[in-house]
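Accompanying notes for the structure given below.
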Amino acid sequence: MYVRKTELPEQRIGISVSKKVGNSVVRHRITRLIRECFRLNKDQLTDGLDIVVVARAAAATANYKNIESAYLHLCGLHNRNKESK
């Protein structure tokens, strides 16, 4: 995951899944799962971020919960979660 701060008021996401991960059906499934993780957890992130997620080969066999857990873990590592009020 790569994160960059921008001046825009919302978050944007880019998803990269290599052909090494699997065929087009597998790659598209991974893309949909990552996009859904982003959509459901968008309110937990700080505003004005560009996020690029690079999927690895292990994502081909992962389910939604595994991908969501990894996504939230990476957001925490990048210190991009909103502070609790």
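The values are calculated or read from the model by the stated rules, or taken from the named source; none is laboratory data. Here the structure is a predicted model, which means the values were calculated and not measured. Cβ placement follows ideal geometry from the backbone for every residue including glycine, while neighbour counts extend to all protein chains displayed. Each accessible area value is taken on the protein alone, full model and side chains, heavy atoms only, with ligands, DNA and RNA left out. Shrake-Rupley method; radii C 1.70, N 1.55, O 1.52, S 1.80 Å.
Values as computed for the structure displayed
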quantity: Scan of region 54-85 for residues that are acidic (Asp, Glu) and at pLDDT 90 or above, ordered by number; calculated: Glu68
quantity: Positions within region 26-66 being closer than 11 Å to Ile15 by Cβ, of a type in the set (A, V, I, L, M) and either open to solvent by 70 Å² or more (accessible area, probe 1.4 Å) or assigned to a helix (DSSP H, G or I) (or both), in sequence order; calculated: Ile30, Leu33, Ile34, Ala59
quantity: Yes/no for Ser24 being of a type in the set (Ser, Thr, Tyr) and out of contact with any strand residue (DSSP E or B) (no Cβ under 9 Å at 6 or more places or on another chain); calculated: yes
quantity: Selected residue (criterion: farthest from Leu74 (Cα to Cα)) from residues of region 1-25 that are of a type in the set (A, V, I, L, M) and open to solvent by less than 80 Å² (accessible area, probe 1.4 Å); calculated: Leu8
quantity: Residues that are closer than 17 Å to Leu77 by Cα and of a type in the set (A, V, I, L, M, F, W, C), drawn from region 47-60; calculated: Leu49, Ile51, Val52, Val53, Val54, Ala55
quantity: Positions within region 39-70 being touching a strand residue (DSSP E or B) at 6+ places or on another chain (Cβ under 7 Å) and closer than 23 Å to Asn23 by Cβ, in sequence order; calculated: Val52, Val53, Val54, Ala55
quantity: Members of region 26-46 found to be under 20 Å from His78 (Cα atoms) and β-branched (Val, Ile, Thr), listed by number; calculated: Ile34, Thr46
